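Please read the structure below before turning to the comments.
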Amino acid sequence: QVQLVESGGGLVQAGGSLRLSCAASGRTFSSDAMGWFRQAPGKEREFVAAISRSRISRYADSVKGRFTISRDNAKNTVYLQMNSLKPEDTAVYLCAADRSIGISRTQYEYDYWGQGTQVTVSS
């Protein structure tokens with residue numbers, strides 16, 4: 001059974017940092033692109049960052065320069081380092097895997113999803 005399990009969310013003050021992890025199991029994800037999305041209450045799910053199997057990364061403009069995505073294929077894990085957090089970063093953060101070549105910003109391109117981890121940034 002394929003599973004993506006996120007961890008590392010929590011409550012942090014504005015300007016603080018968090019590091020999210022996404023542990024994959026059930027298959028090898030080293031050939032997949034991996035992405036992070038987020039969804040705030042009452043809002044559409046939005047792209048945050050993605051990393052290809054060759055470690056090319058892509059970011060939403062709203063997080064560029066503050067967030068860093070990385071992956072450890074030996075551990076089947078992808079990370080999202082979030083610095084200089086803002087209240088508008090508050091959302092459920094979801095990890096996803098895309099079996100196709102390339103790194104997509106579109107959620108419909110992703111094949112597997114985790115359940116998400118809550119990030120709350122207080123002002």
TODO: Please go through segment 12-34 and pick out each residue that is open to solvent by 20 Å² or more (accessible area, probe 1.4 Å) and either within 30 Å of Ile101 (Cβ to Cβ) or under 17 Å from the mean Cα position of the chain (by Cα) (or both).
DONE: Ser17, Leu18, Arg19, Ser21, Ala23, Ser25, Gly26, Arg27, Thr28, Ser30, Ser31
Task: Single unsatisfied condition, Ile69 versus (1) free of Cβ contacts under 8 Å to residues at least 60 places away in the same chain; (2) within 19 Å of Leu11 (Cα to Cα) - done: (2)
Task: Checking Glu6 against (1) surrounded by 15 or more Cβ atoms within 10 Å (Cβ to Cβ); (2) touching an Asp or Glu at 6+ places or on another chain (Cβ under 9 Å); (3) within 21 Å of Asn73 (Cβ to Cβ), the condition it does not meet - done: (2)
Open item on the list: Given the criteria touching a residue at least 60 places away in the same chain (Cβ under 8 Å) and either in a strand (DSSP E or B) or closer than 15 Å to Asp111 by Cβ (or both), does Leu85 qualify?
Closed with: no
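Which residues, taken from segment 40-82, are assigned to a strand (DSSP E or B), open to solvent by 50 Å² or more (accessible area, probe 1.4 Å) and over 20 Å from Ala24 (Cβ atoms)? Before the answer, list the steps.
Step one: list which residues in segment 40-82 are assigned to a strand (DSSP E or B), which gives 46-51, 57-59, 67-72, 77-82.
Within this subset, residues satisfying the condition of being open to solvent by 50 Å² or more (accessible area, probe 1.4 Å) are 46, 57-58, 68, 81.
Once the filter is applied, which keeps residues that are assigned to a strand (DSSP E or B), open to solvent by 50 Å² or more (accessible area, probe 1.4 Å) and over 20 Å from Ala24 (Cβ atoms), segment 40-82 yields only Glu46.
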Task: Pair list, Cβ < 7 Å and 6+ apart or interchain, from segment 35-46 residues that are free of Cβ contacts under 8 Å to residues at least 24 places away in the same chain to residues that are open to solvent by 90 Å² or more (accessible area, probe 1.4 Å) - done: none
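Which count do you get for residues in segment 83-99 that are among the charged types (D, E, K, R), open to solvent by less than 60 Å² (accessible area, probe 1.4 Å) and under 19 Å from Ser122 (Cα atoms)? Walk me through how you get there before you give the answer.
Just the residues of segment 83-99 that are among the charged types (D, E, K, R), to begin with: 86, 88-89, 98-99.
In the following step, the residues that additionally are open to solvent by less than 60 Å² (accessible area, probe 1.4 Å) were identified as 89, 98.
Pick out the ones that are also under 19 Å from Ser122 (Cα atoms) and you get 89.
The qualifying residues number 1.
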- [ ] Kindly list, by first and then second residue, each pair from a residue in segment 100-121 that is open to solvent by 60 Å² or more (accessible area, probe 1.4 Å) to a residue that is polar (S, T, N, Q) and outside any loop (DSSP other than H, G, I, E, B), limited to pairs with Cβ atoms under 9 Å and residues at least 6 apart or on different chains.
- [x] Trp113/Gln107
Task: Failed item in (1) closer than 19 Å to Thr117 by Cα; (2) within 14 Å of the chain's Cα centre (by Cα), with Ser52 passing the rest - done: (1)
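The values are calculated or read from the model by the stated rules, or taken from the named source; none is laboratory data. What you see is a predicted model, and the numbers here were worked out from it, not measured in a lab. Neighbour counts run over all protein chains shown; Cβ positions are idealised from the backbone, glycine included. Accessible surface areas use protein heavy atoms only, side chains included; no ligands, DNA or RNA. Shrake-Rupley method; radii C 1.70, N 1.55, O 1.52, S 1.80 Å.
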